[in-house]
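To start, the structure itself, in structure tokens.
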Amino acid sequence: MNSIIVDFLEKALVSDYVSSVLVPSGGPDNTFPWTLISDVSALAMAEPVPPVMYVQGAKALASFTQSMTEGKLLAVMRPCEARAAVELSKLEQIDLDNIILLTMDCPGAVPLKEYRRDAGIQPDISIPETIRPLCRQCTEFTSAGDLCLAMHGGLREVLPLTPAGQELLDSLGMKAEPDTSAWIEWASSLKAEREAVSTENRKSLKKAYSGLEGLVEVFSGCISCRSCRTVCPICYCRLCFIDMKDRRCPASAHLENSRSSGAARVMSGTLLFHIGRMAHMSLSCVSCGMCEDACPSDIPVGRLVSMVSAGTTAVFNYSAGSDPEDPLPLNTFRLEELHEYED
Amino acid sequence: MNTKTSVLVSESSIGDTLRDLLGKLLENGEIDSVFALRETRQKGRYCYSLITDPTLIREALPFHPVMPVQGARALSEMTITEPFGRPVAALLRPCEIRAFVENVKQSQGSLENIFIISCTCPGVIPASKLLGEDREDVLANHGGNIRNACRTCTGFIPGPQADMTVLLASDEPHDGTVIYLNTDRAVEIAGKLDSLSRETGKPAAELTSGISEAREKSLKDLMRDIPAPADGLQSLVSLFAACIGCRGCREACPLCSCVLCDYETARTLHSPELVRSEAKRKGSVRVPAGTLQFQLGRLMHISPSCTACGQCSDVCPVDIPVSDIFIRAANLVQESLDYAPGRDTDDTPPMATYLEKELLDITD
């Protein structure tokens with residue numbers, strides 16, 4: 001898969017249709033830093049589909065594309081990363097106008113901490129134990145962005161998904177029109193399988209941690225490092241509301257809090273932070289699992305946010321990262337909506 | 001040395017003695033609340049708590065060998081806008097006290113009304129080691145499992161801010177409990193606790209010289225082995241290659257107290273135009289840019305006041321030896337500035353001190 005993508009990137013970069021490429025490359029110590037490449041020779045180090053996710057691709061992309069002026073950029077990323085990029089474009093953090101997103105049939109990613117202990121582990125789409133819990137239940141494992149490299153159903157082909165993707169293929173003289181029926185069948189059967197897994201997992205997660213008591217329990221190990229927020233592609237605010245000075249609580253209020261219950265946890269905003277974060281970003285959550293990878297306390301935070309996201313997006317009939325034209329629910333005013341949630 | 005110091009002794013365990021002592025202080029109104037560790041609803045996960053109900057003091061875990069949150073950070077959160085209006089007994093490790101003293105100097109908290117009970121510190125266990133099913137074994141082999149930062153810690157005896165010091169780490173194993181009374185307030189409080197007997201004992205430093213020696217040696221090894229900036233840019237790039245940019249090290253650090261870090265500001269972040277033009281000039285660049293800039297910038301900002309608690313390494317999800325790097329730099333920086341963080345609230349931080357003539361040896 002890596003060599004097909006690298007060949008494609010090389011063709012695109014040489015053609016002058018794209019002027020730069022964003023792709024993970026092999027770095028020291030089993031790392032895969034995102035690299036912005038304009039010189040074809042730098043593609044020698046490219047590792048388009050690394051076994052792990054160190055930084056969410058959309059986050060890497062947003063770091064230099066808030067305003068795009070010159071030349072087209074071809075970015076290779078996993079489907080969840082491409083969908084996060086679409087959400088970030090709606091949030092005006094990425095200007096997608098001159099960006100072409102190439103995705104692939106995603107094998108999933110190895111949990112980061114496990115990979116750091118044993119860099120020999122490779123993600124295997126057919127062995128769920130090799131990939132993260134969220135990847136095991138991911139139903140959007142292919143066909144995101146403008147182009148997708150199909151690797152199943154007998155294909156090894158870059159397929160266009162949008163006019164922009166088609167235009168790139170045309171300009172590279174890649175005119176193949178393969179039979180995609182077996183690939184589509186593969187995708188829908190895996191999707192059905194994963195849907196069953198995800199329904200089951202969400203059910204048991206909900207059962208284990210529902211209600212205030214359940215949330216208190218699952219987040220009790222939170223050490224307030226805020227890594228989940230920092231690595232989340234959707235949490236882009238420079239200063240999070242939870243860290244603002246006017247949220248500070250005076251010593252007397254802490255003592256009062258402790259008096260009223262006999263004993264109170266200090267670093268007190270744990271639940272407020274997590275629930276607030278879910279309220280802010282769950283509609284755009286792409287279930288990439290980066291938050292869970294980063295959590296030093298092994299809280300299943302990604303699975304929780306993903307579960308909440310399944311609920312909130314259903315209410316608004318919204319699918320994060322699917323259609324760049326689909327407006328963000330929280331930015332859309334409708335006079336008549338959500339009456340069923342009114343008193 | 002033949003000096004004798006005033007101590008409280010008890011035949012009960014340290015945990016029981018302290019819970020008993022704190023419960024009495026709460027009951028008789030000497031203190032309003034206790035700041036101590038408790039286990040959460042999940043086994044192996046702990047949090048700092050403010051306990052006011054004397055019957056709940058049984059849940060306190062005095063000096064349990066974990067540091068889920070640096071104590072100074074928790075105290076700073078509570079006292080940044082106003083000091084405690086009533087006395088609070090805080091169970092803190094020496095590095096937490098030092099960090100909080102630095103916080104106070106930087107207007108990030110107040111020591112007012114805090115009665116500090118500390119210990120000769122044997123060190124804490126990395127949080128990640130306690131997440132597994134084998135946590136009881138890990139706890140049982142406490143000494144073999146402590147943080148790197150603890151292994152090299154030579155500041156394990158608390159400074160003068162500690163009102164009481166519990167003899168926890170010592171060269172010879174000891175039964176029961178020994179509590180040093182360091183301040184007048186401690187002596188006054190001890191007078192009200194009739195269940196504990198007053199004696200005189202050897203100072204803590206005398207009973208821990210062996211530990212001190214071992215720690216000095218580990219620190220020397222660290223100073224020799226950890227890569228330094230002088231080893232060149234490439235060694236630093238490799239050291240921080242796995243950094244995922246989660247900033248957990250900064251958030252967990254008790255000294256990183258800025259509301260908005262310099263490295264998140266528009267002034268410091270690399271502009272999209274700069275990143276793209278650098279890619280063009282060099283052929284390729286790593287994005288997001290600024291990994292090393294953040295790490296070295298934080299090192300520069302924090303090293304004068306780093307209290308070597310090791311919290312940064314503890315939270316790092318990719319096991320970068322952050323605290324080793326910081327401890328090495330902090331030792332060199334603090335020595336050259338002749339500054340000991342946490343020693344005294346009246347010492348002014350070197351970065352806030354203007355001296356017309358200083359550091360001439362490193363000036364051209």
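Every read-out reported here was derived from the displayed coordinates using simple, explicitly stated rules and does not represent laboratory data. The shown structure was predicted, so the numbers you read here are calculated from the model rather than taken from an experiment. Here the Cβ positions follow ideal geometry from the backbone for every residue, glycine too, while neighbour counts run over all protein chains shown.
For the range A:240-339, report the convex hull volume of the alpha-carbon atoms normalised per residue, in Å³, without decimals.
On the way: hull volume 16.8 nm³, N = 100.
Here the figure is 168 Å³ per residue.
Each residue of the range B:5-204 gets 123 Å³ once the volume of the Cα convex hull is shared out per residue. Straight-line cross-link reach from A:K206 at under 14 Å between alpha-carbon atoms covers these aspartates and glutamates, not counting any fewer than eight positions away in the same chain: A:E217. Backbone N atoms of the range A:27-41 closer than 12 Å to the 7 Å Cα→Cβ label point of A:E10 belong to residues A:40-41. Label point of A:A182 set 7 angstrom out along Cα-Cβ; within the range A:124-160, amide nitrogens under 16 Å from it belong to A:150-158. Considering only beta bridges that DSSP places wholly inside chain A, some 50 percent are antiparallel. The mean number of Cβ atoms from other chains found within 10 Å of a Cβ in peptide B:28-40 is 2, as a whole number. Grab the beta carbon distance between B:T345 and A:S189, set R0 = 51 Å, and tell me the FRET efficiency rounded to 0.05. Calculated transfer efficiency: 0.15.
Relative contact order (percent) for the range B:219-362, with alpha-carbon contacts under 8 angstrom and 6 or more residues of separation?
Working: 110 pairs, mean separation 39.4, N = 144.
Once divided by the residue count of the range B:219-362, the mean separation gives 27 percent.
Hey, fewest Cβ within 10 Å first, where do A:H274, B:H174 land in order?
Details: A:H274 22, B:H174 13.
By the 10 Å Cβ count, ascending, the order reads B:H174, A:H274.
Pairwise Cα distances in chain A exceed 29 Å in 43 percent of cases.
Amide H to amide H, with H built 1.01 Å from N, A:G27 comes under 5 Å of A:F32, counting only residues 5 or more places away or on other chains. If R0 is taken as 25 Å, the Cβ-Cβ distance between A:Q122 and A:S210 corresponds to a FRET efficiency of 0.10. Only Cα pairs under 8 Å and 6+ residues apart enter the sum, and on that basis the relative contact order of the range B:5-204 stands at 28 percent.
Would you mind telling me the antiparallel percentage of the DSSP bridges in chain B, rounded to 5? Write out the running numbers ahead of the final one.
Numbers: 18 of 28 bridges.
Approximately 65 percent, going by the DSSP bridge assignments.
For the protein assembly as shown, build the convex hull from the C-alpha positions and give me its volume per residue in Å³.
Details: hull volume 128.8 nm³, N = 707.
It is 182 Å³ per residue.
Extents of the range B:219-362, largest first, come to 50, 35, 32 Å (Cα atoms, principal axes, whole angstrom). Cysteines in chain B lacking any other cysteine Cβ under 4.7 Å from their own Cβ: B:C47, B:C119, B:C121, B:C150, B:C153, B:C243, B:C246, B:C258, B:C261, B:C306, B:C316.
How high is the relative contact order of chain B, in percent, counting Cα pairs under 8 Å that sit 6 or more residues apart?
Details: 585 pairs, mean separation 71.7, N = 364.
Computed over chain B, the figure is 20 percent.
Restricting the calculation to alpha carbons of the range A:2-197 gives Rg and Dmax of 16.2, 45 angstrom.
With coordinates expressed along the principal axes, the C-alpha atoms belonging to chain B extend over 76, 51, 40 Å, beginning with the largest. With both residues required to sit in the protein assembly as shown, DSSP beta bridges show an antiparallel share near 65%. Think of it this way: in chain A, A:C106, A:C135, A:C138, A:C148, A:C222, A:C225, A:C237, A:C240, A:C249, A:C285, A:C295 stand alone, with no other Cys Cβ under 4.7 Å. First measure r as the distance between the Cβ atoms of A:M174 and A:S260, then evaluate 1/(1 + (r/R0)^6) with R0 = 60 Å and state the FRET efficiency to the nearest 0.05. In this case the efficiency is close to 0.30. Note on B:271-280: average number of Cβ atoms from other chains within 10 Å of each residue's Cβ is 6. Peptide B:76-86 shows a mean partner chain C-beta count of 5 within 10 Å per residue C-beta.
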